[in-house]
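Single-structure report; data block below.
The values are calculated or read from the model by the stated rules, or taken from the named source; none is laboratory data. Owing to the predicted nature of the structure, the values given are computational and were not obtained by experimental measurement. Because the Cβ atoms are built from the backbone with ideal geometry, glycine has one as well, and the counts that use them run over all protein chains shown.
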Amino acid sequence: MIDLFETERLVLSGWRQDQLDDLMALHGNPNISRYLSVSGAPWTREQAASALSHWIELFEKHQFGKLRLRRKFDGAFVGRAGFGIYPPTGEPEIGYALLEEHHGQGYAKEAAAGLRDWFFAKNKGEHFIGMADVRNAPSLAILGKIGMQRTHVATDHVGITCQFHVLRRPSNV
């Protein structure tokens, strides 16, 4: 497992196949999955295994993908955050999800801000997008807190009504 970078309290790294149980603890939880698909159903083990394989491949090829988040001080699994490629447009898309016990502690904002800074410092593109279910106020707040601008509300590629955002490279970077 390769660490990509660290923030004040978190380590962001690639995944290994033997970490499937952590991903199931996250996306197998209906309170986490409710905003991630039209049905809101928790992921099956097969869905998690497929996502894990995809993220491992993206990380190995492009240092992209949803990264594993763990706390620095004790190594505890916190969740996932990173960039995917939004299928309809091919644009980099930021996303994050945390285990419930880590909600409200600023980890998602910290990870998203770290990803933002890493994206532009490593010249991964001129902009990236983010979106969240219009009912997911905490996730929408994080997108705003890292400087993303609201663009429009639309149905995403899986059928969820989302508020879309964009962040363009600052002129001084």
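Being surrounded by 12 or more Cβ atoms within 10 Å (Cβ to Cβ), farther than 19 Å from Phe128 by Cβ and out of contact with any Lys or Arg (no Cβ under 7 Å at 6 or more places or on another chain) is true for just one of Leu98, Leu26. Which residue is that? Give the derivation first.
Numbers: Leu26 fails: out of contact with any Lys or Arg (no Cβ under 7 Å at 6 or more places or on another chain).
Within the list Leu98, Leu26, the selection yields Leu98.
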Filtering the range 107-121 down to residues that are among the aromatic types (Phe, Trp, Tyr), touching a strand residue (DSSP E or B) at 6+ places or on another chain (Cβ under 8 Å) and under 14 Å from Met148 (Cβ atoms) yields Phe119
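Taking the conditions exactly as written (under 22 Å from Thr7 (Cβ atoms), at pLDDT 95 or above and out of contact with any Lys or Arg (no Cβ under 8 Å at 6 or more places or on another chain)), does Leu140 satisfy them or not?
The answer is yes for Leu140.
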Restricting attention to the range 113-160, the residues that are assigned to a loop (DSSP other than H, G, I, E, B) and within 16 Å of Leu36 (Cα to Cα) number exactly 8
Picking from Ala113, Ala76, the residue that is at pLDDT 95 or above and closer than 17 Å to Ile129 by Cβ would be Ala113
Considering the range 30-42, residues that are within 16 Å of the chain's Cα centre (by Cα) and not in a helix (DSSP H, G or I), and then whichever is surrounded by the most Cβ atoms within 10 Å (Cβ to Cβ), we arrive at Leu36
